[in-house]
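The values are calculated or read from the model by the stated rules, or taken from the named source; none is laboratory data. Worth saying up front: this structure is predicted, and the values here are computed from it rather than measured. Cβ coordinates were reconstructed from backbone atoms using ideal geometry, including for glycine residues, and neighbour counts include every protein chain displayed.
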């Protein structure tokens, strides 16, 4: 399988995606003890992750952590885009520092939008909707890639650890790919990692909630973060925990600092071998690796490094478009936009593809197929907060008690109420944008 961050591909086999790209399953034990878990977590919409345990531990231990997300200002904001900001708002409510990049460089490089056009879209379409949906200004930073010098400088520096072969393998770039497009993933890596610079809060766990199409960016960012580390903490072939210095300069100083940190964490059975650039911790276990690594990472900036922790990621399923294909800003018939007139949204829902049978008689007898129904997805992802109500919609559809017409009318009523309320909040949001930028 190939994942292209800039394609309109609809992915269906999420289990296969997990297996082929090393994405871990997002299981109940990763969310059930979080404060009031969001419905997208509870309902399996978030299906996979990379290193979410690191973020989970930070939440439970009340340590500092951050969210980085981005918005692509290349079209109107629809329900598919809303899913990410719903997650971000939830994470903000449980203590995350929020950073939101307006990906105007990427939109310029890959979609042909000018920086002026992207700024207009961000300020009139996306940011007002984010505020109207509930994003708070506290601990929230929204910025434009093109005007954030820290991000651009970091992107250039980080490129030192990436070669052309890796970019080709990750993105499938060819000899005809323009250089702005080639550079834009490095800018995204700058977005993701800059939140760990001292200026923006320092080294700490960082979560990037995305659709699975963005996994190439996550793999690149994680590789680059690890490549810039001074230390590597790992299990050796003989099942010992080893701390290894990855650079060739200042080895003795780095080993000395590492030993000091390790002993401060309560480990005393150490074997230091300078020639191997290593310290073996004989009284540590595998479950101690994360804590040791994080403490070492925090010391690296004072030693001239970055200490980036590999960013974590969660991956959510895509909401299906109203016609059965991917929801897309470029195909208005597939999407419900957050600025849609409620009347237009109702018409779209009433014409949406469902999982109903060929006739009312057959559906009453054999039931519907909510797992294949776009309207059911609207309830699942957006329109129903109560899990018991959702379960009843699913059950009554499967048993043939609920007909598609009734379901569409109910969804249309909920959507009308949501869009009307959002429009009012959006009017009030316009005057607050400066508090977020």
Inset, instruction - Output the number of the condition that residue 113 fails; it satisfies all remaining conditions of (1) under 21 Å from residue 211 (Cα atoms); (2) outside any helix (DSSP H, G or I). - result: (1)
Inset, instruction - Tell me, yes or no, whether region 287-295 has at least one residue that is modelled with pLDDT of 95 or more and at positive phi. - result: no
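Going through region 238-272 one residue at a time, which ones are out of contact with any strand residue (DSSP E or B) (no Cβ under 8 Å at 6 or more places or on another chain) and surrounded by 16 or more Cβ atoms within 10 Å (Cβ to Cβ)?
Residues of region 238-272 out of contact with any strand residue (DSSP E or B) (no Cβ under 8 Å at 6 or more places or on another chain): 238-239, 247-250, 252-253, 256-257, 260-261, 264-266, 268.
Result: 257, 261.
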Legend entry - Selection count, region 23-52, where residues are touching a residue at least 60 places away in the same chain (Cβ under 8 Å) and either closer than 17 Å to residue 310 by Cβ or in contact with a strand residue (DSSP E or B) (Cβ under 7 Å, 6 or more places away or on another chain) (or both): 11
Inset, instruction - Pick out, from region 330-437, the helices (runs of 4 or more DSSP H) lying fully within it that include 2 or more residues that are over 30 Å from the mean Cα position of the chain (by Cα) and under 26 Å from residue 84 (Cα atoms). - result: 342-350, 404-429
Inset, instruction - Tell me, please, whether a residue that is touching a residue at least 24 places away in the same chain (Cβ under 8 Å) and out of contact with any helix residue (DSSP H, G or I) (no Cβ under 9 Å at 6 or more places or on another chain) can be found in region 322-339. - result: yes
Inset, instruction - Could you check, for region 288-300, whether at least one of its residues is in contact (Cβ under 8 Å) with a residue 12 or more places away in the chain and within 18 Å of residue 381 (Cα to Cα)? - result: no
Legend entry - region 58-81 residues that are assigned by TED's automatic domain parsing to the domain that holds residue 382, paired with ones that are assigned to a strand (DSSP E or B) and modelled with pLDDT of 95 or more (beta carbon under 9 Å, 6 or more apart): none
Inset, instruction - Considering every residue within region 94-109, establish whether at least one is within 23 Å of residue 77 (Cβ to Cβ), in contact with a strand residue (DSSP E or B) (Cβ under 9 Å, 6 or more places away or on another chain), in the same structural domain as residue 21 (by TED's automatic domain parsing) and in a loop (DSSP other than H, G, I, E, B). - result: yes
Legend entry - Residues satisfying the stated conditions in region 160-196, i.e. over 20 Å from residue 109 (Cα atoms), modelled with pLDDT of 95 or more and touching a helix residue (DSSP H, G or I) at 6+ places or on another chain (Cβ under 7 Å): 193, 194
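State yes or no: is residue 425 in the same structural domain as residue 351 (by TED's automatic domain parsing) and without any contact (Cβ under 8 Å) to a residue 60 or more places away in the chain?
Details: in the same structural domain as residue 351 (by TED's automatic domain parsing): yes; without any contact (Cβ under 8 Å) to a residue 60 or more places away in the chain: no.
No, not satisfied.
Of these, 150, 97, which one is surrounded by fewer than 22 Cβ atoms within 10 Å (Cβ to Cβ) and in contact with a helix residue (DSSP H, G or I) (Cβ under 6 Å, 6 or more places away or on another chain)? Spell out the reasoning first.
Numbers: 97 fails: in contact with a helix residue (DSSP H, G or I) (Cβ under 6 Å, 6 or more places away or on another chain).
From the options 150, 97, the qualifying one is 150.
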